[in-house]
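So the structure is just underneath, and the comments pick up after that.
The values are calculated or read from the model by the stated rules, or taken from the named source; none is laboratory data. Just so you know, these numbers come straight off a predicted model, no measurement behind them. Positions of Cβ are backbone-derived with ideal geometry, glycine not excepted, and every protein chain shown enters the neighbour counts. The protein model used for the area step is the full one, side chains on, heavy atoms only, and it has no ligands, DNA or RNA in it. Shrake-Rupley method; radii C 1.70, N 1.55, O 1.52, S 1.80 Å.
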Amino acid sequence: MKISYRSGVAIVIMWAAGSLNSSVQAQTKKQPLQLRANNVKQIVAAMTLEEKSKLVVGMGFKMPGVPPPVKGKKPEAIDIGGFKLPPSDPDAYNIPEKVPGAAGRTHAIPRLGIPSITVSDGPAGLRIEPIRNGDKSKTYYATAFPVATLLASSWDTQLVNKVGVAFGNEVREYGVDILLAPGMNIHRNPLGGRNFEYYSEDPLVAGSMTAAIVNGIQSNGVGTSIKHYAANNQETNRNSINTIVSERAMREIYLKGFGIAVKKSQPWTVMSSYNKLNGTFTSERRDLLTTVLKNEWGLKGFVMTDWFGGKDAVAQMKAGNDLIMPGSPDKSEAIVAAVKNGSLAITQLNANVERILNVIIKSPSFTKYKYSDAPDLAAHAKVAREAAAQGMVLLKNDDHALPFYPAKRIAVFGNTSYDIIAGGTGSGDVNKAYTISLMQGLTNAGFKVQEKLSGSYAAYLADMKLKQPKPKNFFDHPAPIPEMDVNGIVADEAAGADEALITIGRNAGEGADRKLDGDYYLNDAEKGLIRGVADAFHAKGKKVVVVLNIGGVIDVASWRDEVDGILLAWQPGLEAGNAIADVLSGMVNPSGKLATTFPMDYKDVPSAGNFPGTPAAKPETVTYEEGIYVGYRYYDAASIKPAYEFGYGLSYTKFKFSDLKLSAPNFMHSITATVTVKNTGDIAGKEVVQLYLGAPKKDLDKPEQELKAFAKTRLLAAGESQTLSFTIKAADLASFYTSREAWIADAGKYEVRIGSSSRQIEEKASFKLAKDITVEKVVKALVPEVAINELKLK
Ligand code: BGC
């Protein structure tokens with residue numbers, strides 16, 4: 001038989017197709033069920049109770065300093081310094097880690113094609129082990145980006161998104177599925193030990209920054225975990241403190257930013273916090289995790305605990321805390337027992353499992369992404385430097401102390417000029433390849449420095465470092481090195497140099513709040529340094545500039561008059577020195593603004609009287625008596641002048657605001673405000689435009705004004721203008737009426753105030769709302785068990 005070539009091919013194809021069909025049929029019969037994007041419910045149905053109980057409890061992690069479980073022996077709880085760690089999961093030790101140094105993993109269930117996913121800190125960069133098995137030929141360093149408080153001070157959501165894009169690329173390229181960040185708790189008190197990890201005292205800023213960075217990170221196909229949900233505003237007794245807050249303060253201040261972030265960026269996960277909220281651990285509160293977070297705001301992802309957070313695994317499952325981290329076998333056992341004895345509904349456990357699987361199917365581990373372990377760190381360092389310079393805030397600049405002229409010779413004082421702090425400690429720390437000191441940054445920028453002085457600092461710091469005690473554990477940090485005594489040399493320096501620069505540094509991190517003495521307030525050596533340098537340089541008619549390399553608010557009022565300029569550099573990440581030099585030299589015109597108030601004195605802080613709680617010796621309860629009056633909401637309503645107000649920040653140029661126009665005199669569905677900003681100085685610069693709204697006070701006391709929108713101009717050349725517009729919606733007019741469980745916009749007159757800070761209002765206009773609007777009715781939640789003597793300011 002003769003077969004033509006063509007028909008031969010056809011026959012071969014038909015044969016192949018036929019055999020393929022039958023082999024597919026044979027395979028589907030034999031092939032085990034495997035997780036796919038479209039069969040999550042089927043997988044849940046196929047899982048055994050034990051498998052479900054393993055998926056909702058992490059695999060545990062190797063806690064530094066904690067011995068591994070003994071083979072053949074049932075793991076036991078371990079006491080570490082008064083805190084009981086649950087028994088370790090042997091899997092954490094027996095199953096090789098995908099990414100050494102990551103904070104946790106979930107259990108794989110290979111039978112159903114469910115991979116383990118890896119989660120890792122943290123807010124300013126991916127925290128993983130940089131060196132594996134002592135092999136330094138290949139390293140795994142990550143970029144230390146500027147801390148969150150600095151990013152927020154940029155008031156530039158596009159920039160923060162760009163940081164997120166670079167950040168998320170490192171998450172993906174180092175094989176991690178979910179980043180345990182960003183942190184977004186409110187700066188309730190300047191002493192909060194983790195404030196550097198958080199953005200602002202204002203929920204709109206915190207929520208907008210979070211959404212921007214989450215969208216950037218997640219654009220890489222990896223997840224985030226916005227944390228710590230909620231009302232986790234201190235570190236003192238963080239694992240047990242009972243935070244008492246009114247429903248209104250929760251709604252308007254502590255939950256608001258989380259709501260914005262969930263709606264605008266759908267983070268893959270949310271991390272519940274350690275603290276109790278109105279008597280119950282947050283991870284065990286169904287109203288917080290299910291009613292508000294999932295049902296009201298529509299979170300699609302899952303909730304995980306903070307590490308070892310909460311107590312009762314079954315209560316956590318019921319609350320909708322889908323994943324317990326880092327996990328221990330006893331939790332899975334408790335969940336199995338509860339389902340068997342009927343105290344935990346299988347439908348609830350299934351719902352938790354389903355949420356976790358819905359995230360797993362999006363993860364790089366599920367898609368078997370071949371990560372490179374080689375992200376473009378050089379490119380990301382550039383992003384870190386750009387962001388750092390954009391978030392620095394010029395607090396004082398008398399008589400053009402800054403920028404420094406290139407030919408000037410600078411005397412560089414202060415330990416942290418040489419040993420700069422890139423970011424905070426604990427899980428907020430990043431293992432970076434290098435940090436550019438301020439000294440290096442100045443030299444790189446071409447400045448001349450007083451070399452003998454620099455040499456003295458280098459020798460002093462090297463010697464003092466040798467004497468510093470080694471940290472005992474992860475949470476232990478040696479006390480900072482005292483400032484070098486420059487009394488004997490300062491006169492010579494003032495004779496030889498053109499200007500003086502002094503850096504004051506602060507560090508903090510999880511596990512402890514900051515102290516007043518020697519931390520919020522400068523210590524005697526620092527005060528002596530500033531005074532000594534200022535006296536010597538001023539005697540010669542030379543200027544003194546202070547750089548603040550800090551993660552949280554410190555006292556500035558008591559010493560600021562002694563110096564000519566202050567640049568708040570925050571903790572700027574690994575390119576610190578270069579970025580600070582960019583601003584000092586005028587390469588970058590500062591445009592950062594405070595997203596958190598610097599008060600005149602600590603006693604002015606609204607929570608000063610109830611932080612970190614009672615009894616003072618070991619606080620068990622902290623009551624947020626200041627209610628909604630946090631940050632500028634308090635200083636404005638109580639008419640207390642801060643040292644530097646919310647929204648404040650100087651520039652090397654000047655701006656003029658004009659032509660504020662509202663789209664209508666009466667509010668219908670929304671109102672648009674437009675305003676023009678002109679650079680009236682002689683160098684290019686950017687301005688942050690802030691829209692505050694003053695609402696009518698009917699039955700409810702309200703803040704004088706609240707930030708409702710903000711934007712940063714593009715880089716405006718001298719003489720150039722930009723018109724910006726902002727849309728105000730009904731929700732922006734509303735306050736939370738507890739008795740009515742609703743957000744209500746009261747009828748009356750609203751004042752739109754546009755300014756360059758909360759107290760530098762440049763343009764005003766008003767509109768009327770004819771009738772009250774019930775903007776949203778919510779389900780009653782988070783009711784305090786005790787009466788709160790809450791501050792009310794009219
Ligand atoms: C911190 C979290 C962190 C977790 C994992 C906890 O101690 O509070 O912010 O993500 O550890 O490292």
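Table: residues versus (1) under 19 Å from Thr224 (Cα atoms); (2) among the hydroxyl-bearing types (Ser, Thr, Tyr).
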| position | (1), (2) |
| --- | --- |
| Ser283 | yes, yes |
| Leu288 | no, no |
| Val314 | no, no |
| Lys318 | no, no |
| Ser328 | no, yes |
Is at least one residue of the range 305-314 within 16 Å of the ligand (Cβ to nearest atom), without any contact (Cβ under 8 Å) to a residue 60 or more places away in the chain, assigned to a strand (DSSP E or B) and buried (at least 19 other Cβ atoms within 10 Å of the Cβ)?
no
Can you go through Asn242, Asn233, Asn195 and tell me which one is surrounded by fewer than 24 Cβ atoms within 10 Å (Cβ to Cβ), at pLDDT 95 or above and under 21 Å from Gly613 (Cα atoms)?
Asn242
Tell me the residue from Val9, Val44, Val57, Val66 that is open to solvent by less than 50 Å² (accessible area, probe 1.4 Å), farther than 26 Å from Phe302 by Cβ and either aliphatic (A, V, I, L, M) or modelled with pLDDT of 50 or more (or both), please.
Val66
Matching option when the condition is among the hydrophobic types (A, V, I, L, M, F, W, C), in a loop (DSSP other than H, G, I, E, B) and in contact with a Gly (Cβ under 9 Å, 6 or more places away or on another chain), among Met59, Met63:
Met59
Across the range 472-508, what is the number of residues that are within 16 Å of the ligand (Cβ to nearest atom) and modelled with pLDDT under 95?
5
Do we have any residue at all in the range 92-106 that's part of a helix (DSSP H, G or I), within 29 Å of Leu35 (Cβ to Cβ) and within 16 Å of the ligand (Cβ to nearest atom)?
yes
For the range 647-657, does any single residue satisfy the condition of being among the polar types (S, T, N, Q), assigned to a loop (DSSP other than H, G, I, E, B) and without any contact (Cβ under 8 Å) to a residue 12 or more places away in the chain?
no
Test of understanding: among Ala637, Ala608, Ala643, which residue is under 20 Å from Gly552 (Cβ atoms), among the aliphatic types (A, V, I, L, M), buried (at least 17 other Cβ atoms within 10 Å of the Cβ) and at pLDDT 95 or above?
Ala643
Since Val583 meets every condition but one in (1) in a loop (DSSP other than H, G, I, E, B); (2) within 30 Å of Lys408 (Cβ to Cβ), which condition does it not meet?
(1)
Checking the condition over 15 Å from the mean Cα position of the chain (by Cα), outside any loop (DSSP other than H, G, I, E, B) and at pLDDT 95 or above, which residue from Ile217, Ile253 passes?
Ile253
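Table: residues versus (1) crowded, with 24+ Cβ neighbours inside 10 Å; (2) not acidic (Asp, Glu); (3) not in a helix (DSSP H, G or I).
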{"residue": "Gly125", "(1), (2), (3)": "yes, yes, yes"}
{"residue": "Tyr141", "(1), (2), (3)": "no, yes, yes"}
{"residue": "Ala152", "(1), (2), (3)": "yes, yes, no"}
{"residue": "Gly168", "(1), (2), (3)": "yes, yes, no"}
{"residue": "Arg172", "(1), (2), (3)": "no, yes, no"}
Within the range 702-719, tally of residues that are more than 29 Å from the chain's Cα centre (by Cα) and surrounded by 15 or more Cβ atoms within 10 Å (Cβ to Cβ):
1
Would you be able to say whether some residue in the range 72-88 is within 21 Å of Leu180 (Cβ to Cβ), part of a loop (DSSP other than H, G, I, E, B) and within 16 Å of the ligand (Cβ to nearest atom)?
yes
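Looking only at residues that are assigned to a helix (DSSP H, G or I) and open to solvent by less than 10 Å² (accessible area, probe 1.4 Å) in the range 315-324, which one is farthest from the ligand (Cβ to nearest atom)? Reasoning before the result, please.
Pass one, the range 315-324, residues assigned to a helix (DSSP H, G or I): 315-319.
Of the ones still in play, those that are also open to solvent by less than 10 Å² (accessible area, probe 1.4 Å) are 316-317, 319.
Values: Gln316: 16, Met317: 20, Ala319: 19 Å.
Per the stated criteria, the residue is Met317.
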Just to be sure before I move on: is Ser591 in a loop (DSSP other than H, G, I, E, B) and touching a residue at least 12 places away in the same chain (Cβ under 8 Å) in the structure I sent?
yes
